[in-house]
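Encoded as structure tokens, the structure appears first; notes follow it.
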Amino acid sequence: MLIRKETAADYDAVYSVVKRAFENAEHSDGNEQDLVNALRKGNAFIPELSLVAESEGKIVGHIMFTKATVEEKIVLALAPLSVLPEYQQKGIGKSLIQEGHKIAKKLGYTHSIVLGSEKYYSKHGYMPAENFGIKAPFDVPSENFMVYIINKYDDEIHGTIRYAQEFGIN
């Protein structure tokens, strides 16, 4: 399996992967694939942090981290993470997360924030964001709103995350 930066030639395959990955998801609005397309066109997009997992020449997974802010401090929002159903539970999501964190560290980002399964993301080092004084801009169970510390940081950040406008949250 190869984890690499997404290219424009991958967009159609990624659209399909994201759509299929969320078809039967417990928490999905059915528009995750459209969100990916919209985020690529926005100011929060970081091309180095839109990654694909390729197996035997086929794209089977995708992850995207985009810029968000907490009290003017730039952080990352991990959303979405997608793996084709038939490739799930094979470590592909884990590999995408780890490579994303590695690149984000090199780029100097300090925090990655995710809204997702506490059982899944806690295995990858994510902890409740409330422990760090970071809040969601909507009501969500605290165990599902999590943060991963990518790099040590000097300045404490506290406050409510502001996602890219493409999320339609703020």
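The values are calculated or read from the model by the stated rules, or taken from the named source; none is laboratory data. Keep in mind it's a predicted model, so treat the numbers as computed, not measured. Virtual Cβ from ideal backbone geometry, glycine too; neighbours counted across all protein chains shown.
Quick test for you: out of GLU32, GLU26, pick the one residue that is over 15 Å from the mean Cα position of the chain (by Cα), over 18 Å from GLY125 (Cα atoms) and of a type in the set (D, E, K, R).
Numbers: GLU32 fails: over 15 Å from the mean Cα position of the chain (by Cα).
After applying the criteria, what remains is GLU26.
Pull out all pairs, ordered by first then second residue, where Cβ-Cβ is under 7 Å, the residues are six or more apart or on different chains, the first lies in region 16-35 and is in contact (Cβ under 8 Å) with a residue 40 or more places away in the chain, and the second is crowded, with 16+ Cβ neighbours inside 10 Å and part of a loop (DSSP other than H, G, I, E, B).
VAL17/LEU84; ARG20/LEU84; ALA21/LEU84
Within region 90-99, can one find any residue that is surrounded by fewer than 15 Cβ atoms within 10 Å (Cβ to Cβ) and farther than 22 Å from MET1 by Cβ?
The answer is no; no qualifying residue exists.
For region 66-73, state whether one or more residues are closer than 23 Å to LYS106 by Cα and surrounded by 23 or more Cβ atoms within 10 Å (Cβ to Cβ).
Yes: region 66-73 contains one or more residues that are closer than 23 Å to LYS106 by Cα and surrounded by 23 or more Cβ atoms within 10 Å (Cβ to Cβ).
Is it true that VAL17 is more than 19 Å from ALA164 (Cβ to Cβ) and under 14 Å from the mean Cα position of the chain (by Cα)?
Numbers: more than 19 Å from ALA164 (Cβ to Cβ): yes; under 14 Å from the mean Cα position of the chain (by Cα): no.
The answer is no for VAL17.
Going through region 142-161 one residue at a time, which ones are part of a loop (DSSP other than H, G, I, E, B) and modelled with pLDDT of 95 or more?
Residue satisfying the conditions is ILE150 alone.
Go through region 70-105 and count every residue that is among the charged types (D, E, K, R) and under 14 Å from the mean Cα position of the chain (by Cα). Outline the logic, then answer.
Let us first name the residues in region 70-105 that are among the charged types (D, E, K, R), namely 71-73, 86, 90, 94, 99, 102, 105.
Still in the running and under 14 Å from the mean Cα position of the chain (by Cα): 94, 99, 102.
Within region 70-105, residues that are among the charged types (D, E, K, R) and under 14 Å from the mean Cα position of the chain (by Cα) number 3.
Within region 113-120, identify whether any single residue is touching a residue at least 12 places away in the same chain (Cβ under 8 Å), closer than 22 Å to ARG4 by Cα and either among the aliphatic types (A, V, I, L, M) or surrounded by fewer than 19 Cβ atoms within 10 Å (Cβ to Cβ) (or both), and answer yes or no.
yes
So which of ALA21, ALA9, ALA77 ends up being touching a Lys or Arg at 6+ places or on another chain (Cβ under 9 Å) and hydrophobic (A, V, I, L, M, F, W, C)?
Being touching a Lys or Arg at 6+ places or on another chain (Cβ under 9 Å) and hydrophobic (A, V, I, L, M, F, W, C) holds for just one of ALA21, ALA9, ALA77, which is ALA77.
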